[in-house]
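**Q** One structure is given below, represented as structure tokens, and several questions about it will come after.
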Amino acid sequence: MPVLLDTDVAIELLRGSPSALARVAGCGEPIFVSPITAAELYFGAFNSSRPEENAGRVEKFLAEFPEAGLTADAARTFGELKAKLRRRSVQVAPMDLLIAAIALRHGCTLATGNVRHFRNVQDLRVENWIR
């Protein structure tokens with residue numbers, strides 16, 4: 001099953017984390033990055049003390065993985081999820097919910113270290129790639 005990287009895993013990969021790099025190397029499945037994760041990585045780069053250097057690192061990183069896009073179907077899934085969660089008085093950060101919707105619509109397992117952020121998203125397959 002394909003894998004979608006959450007932003008925290010992408011950051012660990014950018015930092016050269018041996019455990020995260022080992023997970024990617026041993027995955028054996030296609031690995032994708034969402035435009036939401038790309039946006040969060042670019043924010044981190046441009047909010048740093050070396051914005052151009054870090055943005056270059058982000059560009060190089062993103063070139064290694066195909067994009068799982070925010071399609072109209074994923075947008076619909078986001079809306080459905082948000083409405084269901086709101087009716088249950090459950091809050092999930094909007095960026096996390098967008099990433100979850102993209103994973104669901106593209107049939108991906110979500111690789112994250114923030115498993116608890118996604119525990120309320122029904123039918124989402126989540127793996128902890130950091131701990």
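Laboratory data are not the source of any read-out in this text; all were calculated from the coordinates shown. Keep in mind that this is a model prediction, so the values were computed, not measured. Counting neighbours? That spans all protein chains shown, and the Cβs are built from the backbone with ideal geometry, glycine included.
**Q** Checking residue 38 against (1) loosely packed, with under 14 Cβ neighbours inside 10 Å; (2) in contact (Cβ under 8 Å) with a residue 12 or more places away in the chain: exactly one of these is not met. Which one?
**A** Unmet for residue 38, out of (1) loosely packed, with under 14 Cβ neighbours inside 10 Å; (2) in contact (Cβ under 8 Å) with a residue 12 or more places away in the chain: (1).
**Q** Is at least one residue of region 13-34 under 14 Å from the mean Cα position of the chain (by Cα), over 15 Å from residue 109 (Cβ atoms), surrounded by 13 or more Cβ atoms within 10 Å (Cβ to Cβ) and free of Cβ contacts under 8 Å to residues at least 40 places away in the same chain?
**A** no
**Q** For residues that are assigned to a helix (DSSP H, G or I) and not hydrophobic (A, V, I, L, M, F, W, C), tally how many sit in region 66-84.
**A** Within region 66-84, the subset assigned to a helix (DSSP H, G or I) is 72-84.
Narrowing further to those that are not hydrophobic (A, V, I, L, M, F, W, C): 73, 76-77, 79-80, 82, 84.
Qualifying residue count for the region: 7.
**Q** Being surrounded by 18 or more Cβ atoms within 10 Å (Cβ to Cβ), closer than 20 Å to residue 128 by Cβ and out of contact with any strand residue (DSSP E or B) (no Cβ under 7 Å at 6 or more places or on another chain), is that true of even one residue in region 50-66?
**A** Among the residues of region 50-66, not one is surrounded by 18 or more Cβ atoms within 10 Å (Cβ to Cβ), closer than 20 Å to residue 128 by Cβ and out of contact with any strand residue (DSSP E or B) (no Cβ under 7 Å at 6 or more places or on another chain), which makes the answer no.
A quick yes/no check of all residues on (1) assigned to a loop (DSSP other than H, G, I, E, B); (2) among the aromatic types (Phe, Trp, Tyr); (3) surrounded by fewer than 22 Cβ atoms within 10 Å (Cβ to Cβ):
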residue	(1), (2), (3)
86	no, no, yes
91	yes, no, yes
102	no, no, no
107	yes, no, yes
111	no, no, no
116	no, no, yes
122	yes, no, yes
